[in-house]
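The values are calculated or read from the model by the stated rules, or taken from the named source; none is laboratory data. Every value quoted in this text rests on a predicted model; they were computed, and no experiment measured them. No Cβ is skipped: glycine too gets one built from the backbone with ideal geometry, and neighbour counts run over all protein chains shown.
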Amino acid sequence: MAHDHGDDPPHHHDTAEAPLLAKVLTVSDGVVHGTREDRSGEALETRLTRAGWNVVERTVTSDGERPVAETLTRLAQGFHGLIVTTGGTGFGPRDQTPEGTRAVIDREAPGLAEVMRLVNPLGRLSRGVAGTLGTALILNTPGSSKGCIETVDAVLDVLPHAVRLLVDNADPHPHS
């Protein structure tokens, strides 16, 4: 197993070489209006980059179901990769990131969201969801820089495989 350099095995030819692409969406009225610094978006970009992901976009949207849904739809359009949101997963009246995510995803990935909630006792207060939209995998994380990193770390090991499966499943020529 120590010979993982050189030629890739034939069964890994295209997908193993494809870069892992990610986008980070901060959901925060305060960041949009310039009254708050985007610490969690910055922390996510740093963590994902260290884990080998190429963060190709980082953006911000207001709290609320509609702004989240519209921004996620735009971010996922023609994109194959991971989209991580930070913020809007709690109990505040404007915390509607899960609702905006559910409005646009094709399928939920409850196992990811469940594991993300288990990282610490406060995770039980997160309403974040995970799911797919086209060939993008979307994860909702808390708005704190500590919480968003802890929750992503809980599933980071399976994310490359999950994202690669989205392309396999999107194959317009089924193997039947």
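Working only within region 12-52, note down all residues that are of a type outside the set (A, V, I, L, M), touching a residue at least 60 places away in the same chain (Cβ under 8 Å), within 17 Å of T86 (Cα to Cα) and not in a strand (DSSP E or B). S28, D29, R39, S40, E42, R47 - these are the residues of region 12-52 that are of a type outside the set (A, V, I, L, M), touching a residue at least 60 places away in the same chain (Cβ under 8 Å), within 17 Å of T86 (Cα to Cα) and not in a strand (DSSP E or B). Return a yes/no flag: does region 78-94 have any residue that is in contact (Cβ under 8 Å) with a residue 60 or more places away in the chain, of a type in the set (S, T, Y) and not in a loop (DSSP other than H, G, I, E, B). Yes: one or more hits. When region 108-139 is filtered for residues that are over 17 Å from L159 (Cα atoms) and out of contact with any helix residue (DSSP H, G or I) (no Cβ under 8 Å at 6 or more places or on another chain), the ones remaining, listed by number, are P121, L125. Beta carbons closer than 8 Å, at least 6 apart along the sequence or on distinct chains, pair a first residue in region 62-77 that is assigned to a loop (DSSP other than H, G, I, E, B) with a second that is basic (K, R) for D63/R94; G64/R94. The sole residue among A69, A22 that is at pLDDT 95 or above, closer than 21 Å to V104 by Cβ, in contact with a Phe, Trp or Tyr (Cβ under 9 Å, 6 or more places away or on another chain) and not aromatic (F, W, Y) is A22.
Every test in (1) over 23 Å from D157 (Cβ atoms); (2) hydrophobic (A, V, I, L, M, F, W, C); (3) in contact with a strand residue (DSSP E or B) (Cβ under 8 Å, 6 or more places away or on another chain) is passed by V56 save one, and that test is (1).
Is one or more of the residues making up region 143-155 within 21 Å of V60 (Cα to Cα), surrounded by fewer than 23 Cβ atoms within 10 Å (Cβ to Cβ) and charged (D, E, K, R)? Yes. Looking across region 47-70, the residues that are of a type in the set (S, T, Y) and surrounded by fewer than 21 Cβ atoms within 10 Å (Cβ to Cβ) come down to T49, T59, S62.
Of V115, V167, all but one fail to be among the β-branched types (V, I, T), modelled with pLDDT of 95 or more, surrounded by fewer than 18 Cβ atoms within 10 Å (Cβ to Cβ) and over 13 Å from the mean Cα position of the chain (by Cα); the exception is V115.
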